[in-house]
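Quick notes on the structure that follows.
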Amino acid sequence: MEIKYSDSDLERFITNLDCTTTAKLLRTVDLLGEFGRQLTLPHSKKISKNLYELRICGKIEVRIFYAFINQEIVLLYGFIKKTRKIPRRHLKKAVHKLEILDTI
């Protein structure tokens, strides 16, 4: 499946990560492109109806929210995870970006 970034903020977030974390993230994104909806834990987790979480584990825990839109995978929003639960503000930003894309 083709993978797209929702905006340049996410690309900037990824490029600002350290080299090791970026390499892990890109490898996990490749797995997502290869397996699509079949990608499951530990790499991916369903959050809601059409919102998923790409999970990059290591020294730095990174999460990227994504969705399947029109036969494409759209990476919506990324953050560095510091707590056990997903902070509401990060989830709200991802849901907001998904709603914007659904209306286009």
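Each reported figure results from applying straightforward, stated rules to the coordinates on display, with no laboratory input. None of the values given here were measured: they were computed from a predicted structure. All Cβ positions, even for glycine, are placed from backbone atoms using ideal geometry, and neighbour counts span all protein chains on display.
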query = By a straight-distance test (C-alpha under 16 Å), which lysines pair with Lys24 as possible cross-link partners, with residues fewer than eight away in the same chain excluded?
reply = Lys59, Lys81
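Have a look at the DSSP beta bridges in the stretch 2-103 and tell me what percent are antiparallel, nearest 5. Could the numbers behind the result be given before it?
On the way: 17 of 21 bridges.
If we restrict to bridges inside the stretch 2-103, about 80 percent are antiparallel.
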query = At 222 nm, what helix-only mean residue ellipticity would the chain give, in deg cm²/dmol to the nearest 500, using -39500 (n - 2.57) for each DSSP H run of four or more?
reply = -12500 deg cm²/dmol
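With the contact rule set at Cα under 8 Å and sequence spacing of 6 or more, what percent relative contact order holds for the chain?
Numbers: 133 pairs, mean separation 28.3, N = 104.
Across the chain, relative contact order equals 27 percent.
So if each residue of separation counts as 0.36 nm, and I subtract the Cα-Cα distance between Ile100 and Ile80, what length gain in nm does that give? If you can, show how the numbers build up before the last one.
On the way: separation 20, 0.36 × 20 = 7.20 nm, distance 2.31 nm.
Residue separation times 0.36 nm, minus the Cα-Cα distance, leaves 4.9 nm.
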note = Other residues with Cβ under 14 Å from the Cβ of Cys19 give, with Lys and Arg +1 and Asp and Glu -1, a net charge of +2
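About the Cα centre, and with charges only on the beta carbon of Lys, Arg (+1) and Asp, Glu (-1), how big is the dipole of the stretch 2-103? Nearest 20 debye, please. Each step should come with its number before you reach the end.
Numbers: 20 positive and 12 negative charges, 153 e Å.
About 740 debye.
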note = Among Pro87, Leu76, Ala23, the residue whose Cα sits farthest towards the positive end of the charge dipole of the chain, when +1 is placed on the Cβ of each Lys and Arg and -1 on the Cβ of each Asp and Glu, is Pro87
message = Give the aspartates and glutamates reachable from Lys92 as a straight Cα distance under 20 Å; neighbours fewer than 8 places away on the same chain don't count.
response = Asp7, Asp9, Glu11, Glu53, Glu61, Asp102
note = Residues whose built amide H sits under 5 Å from the amide H of Lys81, excluding neighbours closer than 5 in sequence, are Glu61, Val62, Arg63
Backbone HN-Hα couplings from phi across the stretch 92-97 [Karplus 6.51/-1.76/1.60, Hz, Gly and Pro as x] = 5, 5, 5, 5, 4, 5
remark   = Residues whose modelled amide H sits under 5 Å from the amide H of Ile69, counting only those 5 or more places away in sequence or on another chain, are Val74
